[in-house]
Amino acid sequence: MEKTLWTYLQFRKSAGYPVYLRLQKDELSAKHIHLFEELGFEEMTTFESKKIQLQGAQTKLLTIQLATARITQEINGTDILDQYGSESLSIQYQTPIYLYRKVGLMMMPTNRSLWELALSNELNLNDQMIGLRIILTRFLAQALAAHGVVSYWGTLKDGTLITMKQGQAFGEAVFIDWNKKVIFSNGGETKFNTQLKLLRKDKEFSSSSVMKREELISYMSVSTCLLSFHGITQPMKKSILEMSAYMTGSHQAISEHPFNL
């Protein structure tokens, strides 16, 4: 039997997070690999991959493979909950299962290091690639939660965190590590001291206004990219509380133009 050749990638290698992807390059296209790199995953050498320690709940290794025929039926099937969006989180055989319809299914066993993502064999459409970006962002949000990293749908522009709804962000997200004083986004790695600015773009607001600290804490606690039955972690709560003392937050009113909805 031919030996499977795995490629390992680590999230933000220089930061040392124990968060990895494992995949077979010949199963995926250049478009997939580019997306992994854009999200901050860097390929590891054989020597580096052999040093991965899988002990402890803080380590997460996600194996990505194409779905079997049975899993493909589940990914492409329909459900009454589809009217609420493409994503769903359920429990099967005591294991949390995340599903993004038409894109992939991810098994996230509690307190285990090894997770699995089964992808649809036909990921070509732009909205499907956005779906894959969202899946990987959900994975990162979960994997980094134990490290106190918080994430939000949006972008970083001129040193300001611009947060928005998932649909507005097209899957783009920012990750804030308060302990390391660094923000990760599509633009790369941005260091900061303590001061941060957050701009909340949301169609519900008809005028711009400053957010009070209590409102900022509430917003940052409920609007993260983390999708979990247990809510945000204690390290995340600690980061948000400390961060809010140095942050300024504001709402920015936007028009009801279709491009903004």
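Computed from the coordinates by the stated procedures, all read-outs in this text should not be read as laboratory data. Here the structure is a predicted model, which is why all the values come from computation and not from measurement. Glycine also receives a Cβ, built like all others from the backbone with ideal geometry; neighbour counts cover every protein chain displayed.
Of the trypsin sites (Lys or Arg not before Pro) found in the stretch 74-146, those that fall in a DSSP loop while having at most 14 other beta-carbon atoms within 10 Å are R112.
Across the stretch 99-109, coupling constants 3J(HN,Hα) worked out from phi with the 6.51/-1.76/1.60 Karplus curve, θ = phi - 60°, read 10, 10, 3, 6, 10, x, 10, 10, 8, 10, x Hz, and Gly and Pro carry x. For the stretch 7-145, the alpha-carbon radius of gyration amounts to 1.03 times the rule-of-thumb value 2.2 N^0.38 Å expected for a compact globular protein.
Over all other residues within a Cβ to Cβ distance under 12 Å of M129, the charged ones net out to 0, with Lys and Arg as +1 and Asp and Glu as -1. The Cβ shell under 10 Å around G249 holds other residues with a net charge of +3, Lys and Arg each +1, Asp and Glu each -1. Summing +1 for each Lys or Arg and -1 for each Asp or Glu, what net charge is found among the other residues whose Cβ lies under 13 Å from the Cβ of V182? Charge balance near V182 sits at +2. The packing ranking of peptides 118-129, 168-179, highest mean first, is 168-179, 118-129, where packing means the average number of other beta carbon atoms within 10 angstrom of each residue.
In this simple spin-label model, placing a label point 7 Å from the Cα along the Cα-to-Cβ direction at both E189 and T68 gives a separation of 4.0 nm.
State whether the stretch 150-260 is rounded, prolate or oblate according to the following rule on the C-alpha gyration tensor (a ≥ b ≥ c being the square roots of its eigenvalues): a/c under 1.5 gives rounded; otherwise a/b larger than b/c gives prolate, and the remaining case gives oblate. Cα axes put the stretch 150-260 in the rounded bin. A simple packing score, the average count of other Cβ atoms within 10 Å per residue, orders the peptides 148-159, 183-194, 230-241 as 148-159, 230-241, 183-194, with the highest score first. For a paramagnetic label modelled on Q24 (point 7 Å from Cα along Cα→Cβ), amide N atoms under 11 Å away belong, within the stretch 54-80, to 65-67.
A prolate overall shape is assigned to the stretch 14-78, the ratio a/c of its alpha-carbon gyration tensor axes (a ≥ b ≥ c) being 1.5 or greater and a/b exceeding b/c. According to the Cα-based calculation, Rg over Rh for the chain is 0.96, with Rh computed by the Kirkwood formula.
P(r) for the stretch 58-121, from all Cα pairs and a bin width of 10 Å, is 22, 53, 24, 2 %, short bins first.
Treating r as the C-beta distance of K157 and N111 and R0 as 30 Å, the FRET efficiency rounds to 0.20.
In the stretch 7-145, the DSSP beta bridges split such that about 65 percent are antiparallel, to the nearest 5.
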